[in-house]
1. Can you check what the net charge comes to around Asp8, using other residues whose Cβ is under 13 Å from the Cβ of Asp8 (Lys, Arg +1; Asp, Glu -1)?
2. Which length gain, in nm to one decimal place, applies between Leu92 and Tyr64 when the Cα-Cα distance is subtracted from 0.36 nm times their residue separation?
3. log₁₀ I(q)/I(0) of the range 66-109 at q = 0.18, 0.25, 0.27 Å⁻¹, via Debye over equal Cα point scatterers, no solvent, to two decimals?
4. Calculate the FRET efficiency for Gln103 and Ser15 from the Cβ-Cβ distance with a Förster distance of 25 Å, rounded to the nearest 0.05.
5. Can you send over the carbon and sulfur percentage of the accessible area for the range 9-105, probe radius 1.4 Å, protein chains only?
6. Might you work out the accessible area of Leu20 for me, using a 1.4 Å probe with all protein chains in place, and round it to the nearest 10 Å²?
7. Between His44 and Ser28, 0.36 nm times their residue separation minus their Cα-Cα distance comes to what?
8. Using the Karplus equation 6.51 cos²θ - 1.76 cosθ + 1.60 (θ = phi - 60°), what ³J(HN,Hα) coupling, rounded to whole Hz, does each residue of the range 69-81 give in order, writing x for Gly and Pro?
Amino acid sequence: MSSQGRVDFKSDVWSLGLVLYELCLGRSPFAAFLDKNATPALLHTVVQALVRPRLDCQLIRRLYDPVWAQVCELMVVYEQERRICLPDIFHLDAGMTVTLYKQYFGYSY
């Protein structure tokens with residue numbers, strides 16, 4: 001949600017970025033909220049991560065192609081106005097663009 005409380009397609013981008021994070025690392029970046037034994041200090045750390053300008057995706061960067069960390073960082077941005085929109089994702093990496101183009105627009109005549 002933005003500071004004005006609006007929910008639009010950028011909210012879906014946020015959610016998709018969290019799914020990408022979980023697919024890469026097997027856990028939510030905010031999993032501590034579900035832990036009944038989480039300390040107040042840990043919950044504070046999670047809340048701070050929520051309101052950072054970007055989600056820290058260094059572990060994704062180390063484990064996978066860096067483009068996945070870049071996409072995730074651009075999708076999970078607290079300020080809705082600064083969050084990437086889906087068409088702009090196609091321009092981040094040529095390999096991703098070609099793959100998506102072939103998948104969805106590869107016509108055979």
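The values are calculated or read from the model by the stated rules, or taken from the named source; none is laboratory data. Note that this is a predicted model, so its numbers are computed, not measured. Using ideal geometry, Cβ is built from the backbone for each residue, glycine included, and neighbour counts are taken over all protein chains shown. Protein only, heavy atoms only, side chains kept; ligands, DNA and RNA dropped before computing areas. Shrake-Rupley method; radii C 1.70, N 1.55, O 1.52, S 1.80 Å.
1. On the way: positive: Arg6, Lys10, Arg83; negative: Asp12, Glu81.
Combined, the nearby Lys, Arg, Asp and Glu give +1.
2. Working: separation 28, 0.36 × 28 = 10.08 nm, distance 1.59 nm.
Difference between extended and current length: 8.5 nm.
3. The calculated log intensity ratios at q = 0.18, 0.25, 0.27 Å⁻¹ are -0.58, -0.89, -0.96.
4. Details: r = 21 Å, r/R0 = 0.85.
The calculated FRET efficiency here is 0.75.
5. Numbers: 3890 of 6410 Å².
Accessible surface attributable to carbon and sulfur in the range 9-105 totals 61 percent.
6. Accessible area of Leu20: about 30 Å².
7. On the way: separation 16, 0.36 × 16 = 5.76 nm, distance 1.59 nm.
Once the chain is fully extended between His44 and Ser28, it gains 4.2 nm.
8. Those phi angles translate into 5, 4, 4, 4, 4, 7, 7, 9, 10, 4, 7, 4, 5 Hz.
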